[in-house]
Amino acid sequence: MFNQIELVKKIKEKLITEKNQLTSDWSNPLNTETKHFIVENLIPKEWCDEIYNVFPKNSLGFFDKKTFREKKRTSAKLSNYDKKISDISYALQDPEIIYLIQAITKIKNLEPDPTLYAGGLSMMFKGDFLNPHIDNSHDANREKYRRLNLLYYVSPGWKLENGANFELWNKNITNPKTIVSKFNRLVVMETTKYSYHSVSKNNINKPRCCVSSYYFSKQSPEYKNYFHVTSFTGRPNEKIKRIIGPLDNLLRNTASNLFKMGRGKKEINIKIKK
């Protein structure tokens, strides 16, 4: 049994112990231009087991996303689930953890998002996928830039051949770096106009379970203003999606700018941490 305070302590210890290596990994990404680092065995195994055990095993209450862009289930309504879920979610947004990740990435003035806009819980069942894309550039109110994406995987025994693995692409979106959605693994990546990423199709009758968070800052990554919606394209062999994707992105971006529409605003976490 654990709580949020104990989670913060363990995650803090892990980041401090591996800080030098993580800083090097962040500054010198392999097989991709996108800066990122990976933390193995983030917390004690039995704690991660507990989180997985209380993770919903069906999509009841989840927002079902099913388009040519993606097929997955998400939920930011943390109050609907066991407290262990909110404990790990908020532990990853704790000021002490943010401070350490700032030190690793050298990104200043990072802020958490307790509304979990576009974050929270994610499940991918057999056949689910997420096409190459760049994340929405801002928070729900367009006041801050999205800077970091944190993905914590909790499905025991997850292997490469299972699919539903995380992928980081080069700028031309021709070659992915695959990062297995390994149990008790944390992936932290930058979010920019070029940080294309995706999730391969789930090949097995078991959900890939993930807890995700974002960090924001008022400072643009490029030190100048810009805005874009979550923008998708196809994989190298998906020629039609490569044509449709940019047109779809343009239409949604134009509509968002004209009508100040925000994708996923209804999916935020209502119960804010005090």
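The values are calculated or read from the model by the stated rules, or taken from the named source; none is laboratory data. All figures in this text were calculated on a predicted structure; none of them were measured in a lab. Because the Cβ atoms are built from the backbone with ideal geometry, glycine has one as well, and the counts that use them run over all protein chains shown.
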Qualifying position, being touching a Leu at 6+ places or on another chain (Cβ under 9 Å), modelled with pLDDT of 95 or more and closer than 24 Å to residue 106 by Cα, among 19, 35
19
Find the residue count for region 16-33, including only residues that are buried (at least 19 other Cβ atoms within 10 Å of the Cβ) and closer than 29 Å to residue 207 by Cβ.
2
Examine region 112-123 for a residue that is in contact with a helix residue (DSSP H, G or I) (Cβ under 9 Å, 6 or more places away or on another chain), charged (D, E, K, R) and touching a residue at least 12 places away in the same chain (Cβ under 8 Å), and state whether such a residue exists.
no
If we ask which residues in region 209-226 are of a type in the set (D, E, K, R) and out of contact with any Lys or Arg (no Cβ under 9 Å at 6 or more places or on another chain), their number turns out to be 1
For region 154-170, give me the residue count where each residue is assigned to a strand (DSSP E or B) and touching a residue at least 60 places away in the same chain (Cβ under 8 Å).
2
Could you check, for region 143-153, whether at least one of its residues is surrounded by fewer than 19 Cβ atoms within 10 Å (Cβ to Cβ), more than 20 Å from residue 208 (Cα to Cα) and touching a residue at least 12 places away in the same chain (Cβ under 8 Å)?
yes
Of the residues that make up region 115-129, is at least one farther than 23 Å from residue 202 by Cβ, touching a Lys or Arg at 6+ places or on another chain (Cβ under 7 Å), not in a loop (DSSP other than H, G, I, E, B) and not hydrophobic (A, V, I, L, M, F, W, C)?
no
What is the number of the single condition among (1) more than 14 Å from residue 187 (Cβ to Cβ); (2) assigned to a strand (DSSP E or B) that residue 210 does not meet?
(1)
Run down 110, 150 and say which single residue is modelled with pLDDT of 95 or more, in contact with a Lys or Arg (Cβ under 8 Å, 6 or more places away or on another chain) and of a type outside the set (S, T, N, Q).
110
Taking region 219-240 and the residues there that are outside any loop (DSSP other than H, G, I, E, B) and among the hydrophobic types (A, V, I, L, M, F, W, C), the one that is nearest to residue 145 (Cα to Cα) would be 232
Here are the criteria: (1) touching a residue at least 60 places away in the same chain (Cβ under 8 Å); (2) closer than 25 Å to residue 225 by Cα; (3) assigned to a helix (DSSP H, G or I). Tell me which single one residue 89 does not satisfy.
(2)
Suppose we keep only residues that are hydroxyl-bearing (Ser, Thr, Tyr) and touching a residue at least 12 places away in the same chain (Cβ under 8 Å) within region 39-85. Which one would you say is surrounded by the fewest Cβ atoms within 10 Å (Cβ to Cβ)?
79
Could you tell me whether residue 136 is of a type outside the set (A, V, I, L, M) and either part of a strand (DSSP E or B) or touching a Leu at 6+ places or on another chain (Cβ under 7 Å) (or both)?
no
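Rundown of residues vs (1) modelled with pLDDT of 90 or more; (2) loosely packed, with under 12 Cβ neighbours inside 10 Å; (3) among the small types (Gly, Ala, Ser), yes/no style:
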site: 203; (1), (2), (3): yes, no, no
site: 216; (1), (2), (3): yes, no, no
site: 228; (1), (2), (3): yes, no, no
site: 240; (1), (2), (3): yes, yes, no
site: 260; (1), (2), (3): no, yes, no
site: 263; (1), (2), (3): no, no, no
site: 268; (1), (2), (3): no, no, no
